[in-house]
Structures are given as structure tokens and as C-alpha cells.
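Asker: Dumping the structure here so I can ask a few things about it.
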Amino acid sequence: MLLAVDIGNSNICIGVLEGDEVCSTTRMVTRPRCTADEYTAELKFLLRRIGVDPTQAEGVIVCSVVPGLTRPLADACRRLSGKDAMLVSVRLDTGLTMDVDAPERVGQDRIADAAAAAAHYPLPCMTVDLGTATTYNVIGEGGVFLGGFIVPGVQTSLRAISAGTSQLPPIAPESPADLIGKNTVACLNNGAMFGTAAQLDGLADRVEKQLGKPLTVVATGGLAPYIMPCCRRDVKYDADLLFRGLALLYRKNQKSPL
């Protein structure tokens, strides 16, 4: 059993894996000022609730885009499991060749997504992770990480427009009933859903043209199932892409110094 922790800007997601299979998941809100003691208590409670004994984990891997929380969560995992956490970085064997200006500055979540895509999908491939930010990774033939795109996430954009205007309300995005919105809420929702889909389609078309080969597109993240039906392209959905990437990285590097 592998315990995988993904520290995001909005949530911390915990996955329990056997091989590539995600057996169970849970999550907690990201709170930057929490200590290792606080996260130990919360993580212990959440794992107990889903019936997971962390002492049975063969290993732990932590992926983080919030540097200040990496050590507290790694410490919490060590206290509960007795294992030192492997920390994701480009210094690990990722199976990727990094063709970018500053590989060490590529987000750890992007590394995990790209490693999973290179291992499990036809290349070239573009991954789309719909989180607080929407991150696109482009992986060329032979597992070459070519870079990608980063734009504000759907909910981030909706919160920003609501906060910055007097008459536009906060909304929770959902699947559109029709293309053209007939009221303010529908206009906001449809703009976010179809706008993100059009962006995805457009970027994929341009990447495919530049690479000169058919492009596989893989989406992940909680909003992906709502946006994929709005896309014109064939988009594959992989809810566990990041966790599968973490499992892959752990297997490749479990004998490396932690």
C-alpha cells in the first residue's frame, strides 16, 4: 500500500494506492498556517474514517505546490506511518526528458501528471488539470516534457469576476443546459464552461499543428466531467492521473535516498 499526498492551493488530497489502482481517497482544506501537529491529528482522523491504517503503508510520497506546507505534511506522514516521505522533484527519475528553461521550477503536480501521461497514453499528449489554476502539459514523443500553459482555474476566475463587479453573483459551476445563457447565472456558468472548453480545443489544435502529429488530450480534476461534453475534441478523462503519476514516481525511485 502506498500513501500519496497531493498538497494543492485549495485542498490537500490523500490517495491510498495498490499498484496503479487508487483504492480510496480523502481530502482536507489547505491551511497554510497549520503545524505538523495539527495536520497529524487531522490526517489520522481522515485515514481512520476511510479505514486505512497508515502503519501498513510500504511508503509515502508527497507532491506539493505550497512549499511552506511540504515539511509539515511530510512530518505528519512520518509520525503516522513510520516512513520518511519521498518528495517529488525533477531530481527524481521521472521517465521524462525536461526540455524547458528551468526544470526545477516546474510544479510538482505537473511533473506527476506528465509522468503518468507519458507512461499510460499515446504520445504526443497534452494533459489538462482543472484545479485552482488550469495547467496544461505537453509531452512529446519519447517522453519529452515540452512545457505547456497555465491559466486561472474556472472557479478562480468566477470568484474574481464576482468579487470585482457589483451585479454578478458568486456561482457554483455546473453542466450547461444550453449554449447561450438566458439569465445572469447561466451567462456566467456557460461562459466559464464553454469558454474553458473552447480554450482547451484551441490550444490542443495549435499544439497538434506545431508538433505535426495527432495529439492525445487527457483531462483530470473535479470540473473535467462538466467541461468535456462542451469540447469538440475527443478528450479522455482520468480522475486519478496525478495519483497514478505519484505511484509511478515512487516505484521508479523507492531505492533512491529520500
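The values are calculated or read from the model by the stated rules, or taken from the named source; none is laboratory data. Just so we're clear, the structure is a prediction, and the values are computed from it rather than from any experiment. FYI the Cβ positions are ideal-geometry reconstructions off the backbone, even for glycines, and counts take in every protein chain you see. Accessible surface areas use protein heavy atoms only, side chains included; no ligands, DNA or RNA. Shrake-Rupley method; radii C 1.70, N 1.55, O 1.52, S 1.80 Å.
Asker: I need the full set of residues from region 89-118 which are within 16 Å of the chain's Cα centre (by Cα) and among the hydrophobic types (A, V, I, L, M, F, W, C), in order please.
Answerer: Val106, Ile111, Ala112, Ala114, Ala115, Ala116, Ala117, Ala118 - these are the residues of region 89-118 that are within 16 Å of the chain's Cα centre (by Cα) and among the hydrophobic types (A, V, I, L, M, F, W, C).
Asker: Does region 91-101 contain at least one residue that is more than 16 Å from Asn137 (Cβ to Cβ) and either modelled with pLDDT of 95 or more or open to solvent by less than 20 Å² (accessible area, probe 1.4 Å) (or both)?
Answerer: Yes, because at least one residue in region 91-101 is more than 16 Å from Asn137 (Cβ to Cβ) and either modelled with pLDDT of 95 or more or open to solvent by less than 20 Å² (accessible area, probe 1.4 Å) (or both).
Asker: Quick one: which residue in Val218, Val207 is touching a residue at least 24 places away in the same chain (Cβ under 8 Å), open to solvent by less than 60 Å² (accessible area, probe 1.4 Å) and outside any helix (DSSP H, G or I)?
Answerer: Unique residue meeting the criteria: Val218.
Asker: Of all residues in region 102-138, which are of a type in the set (Asp, Glu) and open to solvent by 40 Å² or more (accessible area, probe 1.4 Å)?
Answerer: Glu104
Asker: Would you check which residues across region 43-82 are of a type in the set (Lys, Arg) and closer than 15 Å to Cys23 by Cβ and list them?
Answerer: If the condition is that a residue be of a type in the set (Lys, Arg) and closer than 15 Å to Cys23 by Cβ, then Arg49 is the only one that fits.
Asker: When you scan region 139-153, do you find a residue that is open to solvent by less than 30 Å² (accessible area, probe 1.4 Å), at pLDDT below 95 and over 15 Å from Ile7 (Cα atoms), even just one?
Answerer: yes
Asker: Report those strands (runs of 3 or more DSSP E) wholly inside region 1-82 carrying at least 1 residues which are open to solvent by 60 Å² or more (accessible area, probe 1.4 Å) and basic (Lys, Arg).
Answerer: 21-29
Asker: Let me ask you something else. Of all residues in region 180-226, count the ones that are touching a helix residue (DSSP H, G or I) at 6+ places or on another chain (Cβ under 7 Å), under 22 Å from Pro122 (Cα atoms) and among the small types (Gly, Ala, Ser).
Answerer: Result for region 180-226: 2.
Asker: Go through region 3-26 and report how many residues are of a type in the set (Asp, Glu) and in contact with a strand residue (DSSP E or B) (Cβ under 9 Å, 6 or more places away or on another chain).
Answerer: Counting residues in region 3-26 that are of a type in the set (Asp, Glu) and in contact with a strand residue (DSSP E or B) (Cβ under 9 Å, 6 or more places away or on another chain) gives 2.
Asker: Just to check your reading of the model, which residue among Gly195, Gly202, Gly181 is of a type outside the set (Asp, Glu) and buried (at least 16 other Cβ atoms within 10 Å of the Cβ)?
Answerer: Gly181
Asker: Right, another one. List the pairs whose first member sits in region 108-131 and is of a type in the set (Phe, Trp, Tyr), whose second member is open to solvent by less than 10 Å² (accessible area, probe 1.4 Å), and whose Cβ atoms are under 6 Å apart, counting only residues at least 6 apart or on separate chains?
Answerer: Filtered contacts from region 108-131: Tyr121/Val218.
Asker: I'm told Leu168 meets every condition in (1) open to solvent by less than 20 Å² (accessible area, probe 1.4 Å); (2) among the hydrophobic types (A, V, I, L, M, F, W, C); (3) part of a loop (DSSP other than H, G, I, E, B) except one. Can you identify the failing condition by its number?
Answerer: Result: Leu168 passes all but (1).
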